[in-house]
Every structure is written in structure tokens, then in C-alpha cells.
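Worksheet: one structure, shown below.
The values are calculated or read from the model by the stated rules, or taken from the named source; none is laboratory data. Predicted model only: the values in this text are computed from it and were never measured. Backbone-built Cβ (ideal geometry, glycine too); neighbour counts: all protein chains shown. Quick note on the areas: whole protein, heavy atoms, side chains included, nothing else; ligands and nucleic acids left out. Shrake-Rupley method; radii C 1.70, N 1.55, O 1.52, S 1.80 Å.
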Amino acid sequence: MSSPPGRRVRVSSPGTSRQGSDAREEVRRRLKDLIEANRVMIFSKSYCPLSTRVKELFSSLGVDYNILELDQVEDGANVQEVLTEISNQKTVPNIFVNKVHVGGCDRTFQAHHNGLLQKLLQEDLAHDFDLIIIGGGSGGLSCAKEAANLGKKVMVLDFVVPSPQGSSWGLGGTCVNVGCIPKKLMHQAALLGQALQDSRKFGWEYNQQVKHNWEVMTEAIQNHISSLNWGYRLTLREKGVAYVNAYGEFVELHKIKATNKKGQETFYTASKFVIATGERPRYLGLQGDKEYCITSDDLFSLPYCPGRTLVIGSSYVGLECAGFLAGLGLDVTVMVRSVLLRGFDQEMAEKVGSYMEQQGVKFQRKFTPVLVQQMEKGSPGVLKVVAKSTEGPETVEGTYNTVLLAIGRDSCTRKIGLEKIGVKINEKNGKIPVNDVEQTNVPHVYAIGDILEGKPELTPVAIQAGKLLARRLFGASLEKCDYVNIPTTVFTPLEYGCCGLSEEKAIEVYKKENLEVYHTLFWPLEWTVAGRDNNTCYAKIICNKFDNERVVGFHLLGPNAGEITQGFAAAMKCGLTKQLLNDTIGIHPTCGEVFTTLEITKSSGLEITQKGC
């Protein structure tokens, strides 16, 4: 029984027909990547009868192979010239098996008849899998599915070490189980509460007491998450990916130990590995923190309403959780060590905080906790927290039902045996340095997602990086993940969407005198009848004056900021300028249209407050 036709790969020349040395080296690297990534790599020409004979041979052997048709690639003559330098063979077909140069048509058939070809093909069978991925989160699953689509034998190892409070979850990683998905749903629950208040102004009359039921909400959300967990497992099964619910740890260069929840150990080998282990919440390092405090690992499945809550930390996780808890009617305080939303535009961060204060969230600024003590047991119980000022000897104390820690996350890279195989990590934060193709310092080990040094910690980034990595590893493409101008949204009560540079970073990169910042406050139509403030929502773009006023930073504080930002992010990928925004006709009445009519610059000093209606 023959295998399907070989998979065609693409290689693009990075330069013109007269290549410079750098461009030539890039072609050489790409060709070597194809040779190393594929069990059988055939460099061919689509019209060559000898090439057809070789393809038919491998098909008759039931061996999957990859093809690069040199007559169908850009600058194929130069590609063939570099291939000649690598193989010392000028003609096609030019065949490599498990990184060994076999030769052309005659030598391949000769190797088949004397048994050498079969021996070379069997060398790859020394490993159990083509690819093992440690971590079944968004990035790991994306990489696994794409590699399986390319015909590779793939395993995913995923194991959730329970939180100190005992929380654990199914396949899918942080985003699905204890991150983006439940967070957005609880944010929606809070928005519905606000909509109920607004509805009276729109003529809705209801007399019964309206209250929120935490248990009903969490049960519904957990049921949805369980359906996603099941869907991921089903997809892996359909694609032929081996899924093992076990903790993966390297023991040799190509060998890992998988330990299941019963402590049983199994060993697996692979040609290549991808580390996609993600991060887990950090703790305070104080006595009682792991015993009495919870994190985002626990909040979304908490079986009881958290009651009066102290959120320690003002990252996006902290502010999002504080926002929806307050929106559900709870008494919420946020303890802030330094600034809100570190790494984000600070003008926007302060506007986020100001709106949250208007919605009843209290902020304790410039304080850090020194003591967490249980006063009463219960569900929830009562905790006493003592905090010390970061600017002097002042201390404050308060009592809360729940203390939620959101002080950062640590990479899960220190207990997976990386030191045994020589993979380097940043000892300070556990992050893994990689090159521009997500490759670690150990050539057959790659890493994606939140554990990467200097890369955005966002689910869609991990998904894209995982998919493209699989395509590069197994010859379907050479495209790299583009980490520039990645949009994101903070789902606080009033959403904050952004893409590109913060104003602070833009000034650092381009200098203030080279930038023009256009901005305005605006009043969403939906807020007018409801009687909500007309000078809260805010839009800002940062433009490089000496690059045709190209937009290098996009910032929006307003309803549905995520939906709006997503569209403008595509425009920024295409080189959005202020003139293009001016030339765009807005959709009326929407919040997004405000970006098509921006006129006032910060440098002008003109007033941007909205007057009247």
C-alpha cells in the first residue's frame, strides 16, 4: 500500500537574483533546516522523469517524503546553486534520508537494492515519536495539531500540579481553565449587572430584588470549560496525537520521564521536543500565604462567594479580577506596591484605575503585605492583613473574607530536567532564551509561549508561534512568528485595548520631538440615555512624524475595546498612518469611529473634554 503523495515545501529567497553573502547564507540555513527536519527530503523539478521515479519508489515503500520543486520556487537557480555547495551534486533529484545525502536517482535505487536505504530509514525509528510537547496549553496544542496534520508522530504530555488550595483542571492550559475564558465570562457577568442599572433609563421596569448568585455563575462557567477540555482531548484523538496526563521531565537528550498522578513512571524518546509549560501564580513568601490566600488558579472554581476581597497586586490579572468582583457587588480593595499595569501606557493605566474607583473599588497605594493571619475559619473565613508602606514606617491593617494574590507569575521550567540536557534558562525568572525560530541552545529542543524570554505572554501569540514552529520543523513553511504590533485588551470594568508602543516606550524609541500624539475623550451613545459620565472614555494614537505619521501606538479606553482594537491591529500590520485614518469613513454611531476624526494633538494643549451632549 503506497503512502500519499509527498508534501511540497516552500523556500523563499531572501534577496534578489544577485544575492549578497548574507542572503546566500540565509538560503543555506533554510535548506539545511529542511534536510534536518524531514525524514526524507527530495529536491526535485516537477517535470523531471528521474525525480518522478524516486517519488514513486518512496511511495511504494509506504514512506512519507517531502519535496522542494526547484522549478517552482522563487530564484530556484540560486537555491540549486547553494544546494550544490551543500551536497556536491549539481543535478536533481537530490535525496537526503535522515540527514544523510543519498544522491540522485541511480544511487537511491542502488541503496534500495543493497539494503542501505532501508537501514537509513530505520535509523529514525529509534525514537518513539517525531515530536514530544511538554505542556497541553494553547501553544502546545496548536503545535501538536499542526505537526500531526503534517503526518508526524506526536505526543503531548500535560499535568497540572494542584495549587496550594488543591485546585487543578483539565487539558487546555491556563487560558481555557483559569485565565482568559473564565475571566471574560465573569467580566460579562459584571457588565450585565451594569446593564441592569442602565436598563431602567431605557424604560425597563422590574420590582423584584436583583441579586447575583455566585454558585450558579461558577457552575455554568465550569460546565463550559469542561466541554472545552473534552473537545481538546477529542481533537487530539482524531488527529492521532498521543495524549498522556503525566508530568514530563528530561532524563537524557532525547528521552523524557512521564510520571502520572499515581507516581508510575514511563519513558519516551523523540527526535525533537517543544517546551510549552507556561507559568503559575507567584506567592508572597510570607507565613500563611499558601495556606490562606488564593490566586487566579482558585478563583474561577471557588465553590463559595469570596465576600469582602483584598486583591494584592495591580497587574492586569489583579485589576481584571478586582473589576468583575466589584461589578458583582462585592467590597473590593486593591493593594498596589508601585504602579498600575506595569509595562502598559501609564496614562491609560491611571484612567483605568480612576474609573474603577468611581465604580467603588478602593486602592491602597504604595503598600506591601507583611502578615496574613486567619481570624475565623469558614467558606469564606476571616483574614487579617497587615501591610507596610513602601515610602515610610506607616502600617495599615484590615480584615477580609478572601485575599487574592496577583503579584506575578513564575515560569514552569525549573523542575523538568532542563539542566540534565543543558538547556539554558534565565536563573532570575526561569525564562528560556531562544533564537528567532524559537530554538533553545540545544538544537533539537524548542520553546514557545509564556516561558520565552522577552516575548508577550498572550494566548494568541503562543498559538501562532506553535503552529508556525510545527510547519518549520516539518518542512511545510519557513515563516517565523512576528512578535511586533501584537494587540491586547485588559478586561477591566471599562476595557482598555492597545496595540504597538506605550507613550513612554515610543518616546524612548523615537524621542518626544519626533512624535505627534492625537487624543480625545468621547461619550458612547449607549451612555447618554443611561446618564453615565461623558468624559471618561478616551482614545489616543501615537504617530511618528518623520515616517509619514505612521501609527506606532494605538490606545482605547471604552466599551468593547477588545473588538475595536482587533480591527485596528490589522491596519497597523499594514502600515496604518494618520492620513489613512483621516481617509477612512467611520461607522456611525460607534465608538470606533472616533479614530477617524481625531484632530487635537497633545502638543497643541487644546481642551479635549466633551461639553454638553
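Of note:
- Surface analysis of the chain yields an accessible area of 47 Å² per residue, using protein heavy atoms and a 1.4 Å probe.
- Pairs exceeding a 30 Å alpha-carbon distance, out of LYS362/LYS578; LYS99/LYS428; LYS32/LYS420; LYS183/LYS578; LYS99/LYS255; LYS201/LYS366: LYS362/LYS578; LYS99/LYS428; LYS183/LYS578; LYS201/LYS366.
- Computed over region 178-220, the Cα gyration tensor eigenvalues convert (square root of 5λ each) into semi-axes of 24, 13, 5 Å, ordered from largest to smallest.
- Taking Cα atoms only, the orientation of helix 138-149 departs from the longest principal axis of the chain by about 30 degrees.
- Positive-end ranking of TYR446, GLN373, VAL102 along the dipole of the chain, with charges on Cβ about the Cα centre, is headed by VAL102.
- A viscosity of 1.567 mPa s and a temperature of 4 °C, combined with the Kirkwood radius over Cα pairs in Stokes-Einstein, give a translational diffusion coefficient for the chain of 47 µm²/s.
- Rg followed by Dmax, in Å, when region 416-503 is reduced to its Cα trace: 15.1, 47
- The chain, accessible surface, carbon-and-sulfur percent (1.4 angstrom probe): 51 percent
- For the chain, the longest principal axis of the alpha carbon atoms and the long axis of helix 21-37 meet at an angle near 80°.
- Cβ-placed point charges (K, R +1; D, E -1), dipole of the chain about Cα centre in debye, nearest 20: 1240 debye
- Between MET335 and VAL311, ILE312, GLY313, GLN364, the built amide H atoms are under 5 Å apart, and every one of these is 5 or more places off in sequence or on another chain.
- If R0 equals 45 Å, the separation of the Cβ atoms of LYS184 and LEU61 corresponds to a calculated FRET efficiency of about 0.35.
- Across all directions, the average projected area of the convex hull around the alpha carbons of region 461-503 is 3.8 nm².
- Rounded to the nearest 5, the antiparallel percentage of DSSP beta bridges internal to the chain is 65%.
- The value obtained for region 149-217, namely the Cα convex hull volume divided by the number of residues, is 150 Å³ per residue.
- Gyration tensor verdict on region 377-442 (Cα atoms; rounded if a/c is under 1.5, prolate if a/b is larger than b/c, oblate otherwise): prolate
- Relative to its residue count, region 320-379 spans a Cα convex hull of 106 Å³ per residue.
- Anchor LYS384: lysines whose Cα lies under 16 Å away (excluding residues fewer than 8 positions away in-chain): LYS290
- Each part reduced to its alpha carbon centroid, region 288-346 and region 500-577 end up 27 Å apart.
- About the centre of its Cα atoms, region 30-84 shows a dipole size close to 220 debye [charges on the beta carbon of Lys, Arg (+1) and Asp, Glu (-1) only; nearest 20 debye].
- Anchor LYS351: aspartates and glutamates whose Cα lies under 12 Å away (excluding residues fewer than 8 positions away in-chain): GLU495
- Principal-axis tilt of helix 76-87 within the chain, Cα atoms, nearest 10 degrees: 70 degrees
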